[in-house]
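Q: Below you will find the structure I want to go over with you.
The values are calculated or read from the model by the stated rules, or taken from the named source; none is laboratory data. Just so it is clear, the structure is predicted and the values come from calculations on it, not from any experiment. As a convention, Cβ positions derive from the backbone with ideal geometry for all residues, glycine included, and neighbour counts pool all protein chains shown. These accessible areas exclude ligands, DNA and RNA; they are computed on the full protein's heavy atoms, side chains included. Shrake-Rupley method; radii C 1.70, N 1.55, O 1.52, S 1.80 Å.
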There are 2 protein chains.
Amino acid sequence: MKISTRARYGARLMFELALSYGDRGISLREIANNEGISEKYLSQIIIPLKAKGLIISFRGPCGGYALARDPSEINLREIVEILEGGLSILDCLNNSSLCKRSMKCPTRGVWDLLNNKIIQTLEAVTLRDLVEEFLNKSGDNLTYSI
Amino acid sequence: MKISTRARYGARLMFELALSYGDRGISLREIANNEGISEKYLSQIIIPLKAKGLIISFRGPCGGYALARDPSEINLREIVEILEGGLSILDCLNNSSLCKRSMKCPTRGVWDLLNNKIIQTLEAVTLRDLVEEFLNKSGDNLTYSI
DNA sequence: ACTAAAACCATTAAATAAGTAGTATTTACA
DNA sequence: TGTAAATACTACTTATTTAATGGTTTTAGT
């Protein structure tokens, strides 16, 4: 039940893009410096995010990346789902043919419930929320109200 | 964000113990047969559950295992926590000294929120619930109301 | 042309997960 | 009191996943 480094870095990457939303884009180098993450690693992580249409890019000098949509229109669920390769905490939840016991499995219900809660929770937080929290806080603790 | 096989098998193991609660205990062999899980592997998984006091054991012929408490007094949170070695989806949530950025981290709040939801959800389901669901259902889908 | 940036392609080291194997110990029961 | 059925203990193995690193190619602004 750990969240991967990929997804965490991806979230911070997307946060940086949200912070600079409206400007002319930001380079990976800048993001890597701001967040203290390897630029090379970020360049791997950004590929699927771009492929799924969350990000647009500009090549050449003064190039960089920008969000494809408004930060309020991108939630954490999408980001984590893309970077973790799906949000199913258990393969048999989506594909019940994987386990012939699925139909009578005594524990399947709990995992399904848990999975839905996770999705719900991530879906309720947008990049805009992250930016707002970040701008509001100055030492005080974060609070989400869902 | 996958749930480990250990935790899943552990949950089914505990479910079997809950099913036979009140009887004179059940052997690992029987549990392994009922659930179609390697007995050897289960014998590894059961060690920490016993160490944490969720299970008691009887050695020798006619020996076996039994729940140490009533099924209604054991929830899924305990089981998963023991078998996953903690329920923190991210180490820095418990130990903020692990990351010097913790205090100003823009994403820490979401992970913390998600972590709490997961704990809440697992805590709300007891072994008794699992047994009841199992006894009630005969083909119809599982439903939890939390 | 030069250069800064994305895009692409391949490799690797370490950790974790999943499971196996074998031995020792306890104890009910004949 | 010997035997067999069960737990308890210790060690090993194997495959997969994770978290990176390194180098080359393409694009485009000045």
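Q: On the accessible surface of chain A, probed at 1.4 Å, how many percent belong to carbon and sulfur atoms?
A: 46 percent
Q: Pick out, in residue order, every one of the trypsin sites (Lys or Arg not before Pro) in the range B:4-58 that is DSSP loop and has at most 12 other C-beta atoms within 10 Å; say none if there are none.
A: Here the sparse-neighbourhood loop sites are B:Arg24.
Q: Within the range B:81-124, what residues put their amide N at less than 11 Å from the label point 7 Å along the Cα-to-Cβ vector of A:Lys2?
A: B:89-92
Q: Of A:Val125, A:Val80, A:Val110, which is the most mobile in a GNM of chain A whose springs link Cα atoms less than 10 angstrom apart?
A: Top of the fluctuation ranking is A:Val110.
Q: Hey, another quick one. Specify the angular offset, from 0 to 90 degrees and rounded to the nearest 10, of the alpha carbon long axis of helix A:127-136 from the longest principal axis of the alpha carbons in chain A.
A: Helix A:127-136 sits roughly 60 degrees off the main axis of chain A.
Q: Once you have all Cα-Cα distances for chain A, histogram them in 10 Å bins from zero and send the whole-percent values.
A: 10, 36, 31, 16, 7, 1
Q: Given the Cα-Cα distance of A:Ser38 and A:Arg69 and 0.36 nm per residue of separation, how much length would full extension add, in nm?
A: Values: separation 31, 0.36 × 31 = 11.16 nm, distance 2.54 nm.
Separation in residues times 0.36 nm, less the Cα-Cα distance, equals 8.6 nm.
Q: Could you tally the net charge around A:Ala51, taking each other residue with its Cβ under 14 Å from the Cβ of A:Ala51, Lys/Arg +1 and Asp/Glu -1?
A: 0
Q: Give the A-B buried accessible area in Å², both sides summed, 1.4 Å probe, nearest 100.
A: Accessible area lost upon association: around 3900 Å².
Q: Using a Gaussian network for chain B with springs between C-alpha atoms less than 10 Å apart, which of these wobbles most: B:Ser96, B:Ser20, B:Ser43?
A: B:Ser96
Q: Sticking with this one: Under a 1.4 Å probe, what is the accessible area of the range B:5-136 per residue, stated in Å²?
A: I get 49 Å² per residue for the range B:5-136.
Q: May I pose another question? Longer than 25 Å from Cα to Cα, which of A:Lys100/B:Lys2; A:Lys52/B:Lys117; A:Lys137/B:Lys117; A:Lys2/B:Lys137; A:Lys117/B:Lys50; B:Lys2/B:Lys40 are they? Say none if no pair is.
A: A:Lys52/B:Lys117; A:Lys2/B:Lys137; A:Lys117/B:Lys50
Q: Once phi is turned into θ = phi - 60°, what whole-Hz ³J(HN,Hα) does the Karplus curve with 6.51, -1.76 and 1.60 give for every residue of the range A:10-27, x standing for Gly and Pro?
A: Residue by residue, the range A:10-27 yields x, 5, 5, 4, 5, 4, 4, 5, 5, 4, 9, 5, x, 6, 8, x, 9, 7 Hz.
Q: Once ligands and nucleic acids are excluded and a 1.4 Å probe is used, how much of A:Glu35 is accessible, expressed in Å² to the nearest 10?
A: For A:Glu35, solvent-accessible area is about 10 Å².
Q: Kirkwood hydrodynamic radius, the protein assembly as shown, all distinct C-alpha pairs: what's the number in Å?
A: Roughly 21.2 Å, rounded to one decimal.
Q: So, one more: Relative to the longest principal axis of chain A, what angle (0 to 90°, nearest 10) does the C-alpha long axis of helix A:39-51 take?
A: 70 degrees
Q: Which of the residues in the range B:1-23 show a loss of at least 30 Å² in accessible area from their chain by itself to the complete set of protein chains, at a probe of 1.4 Å?
A: Hits at the 30 Å² cut-off: B:Met1, B:Lys2, B:Ile3, B:Arg8, B:Arg12.
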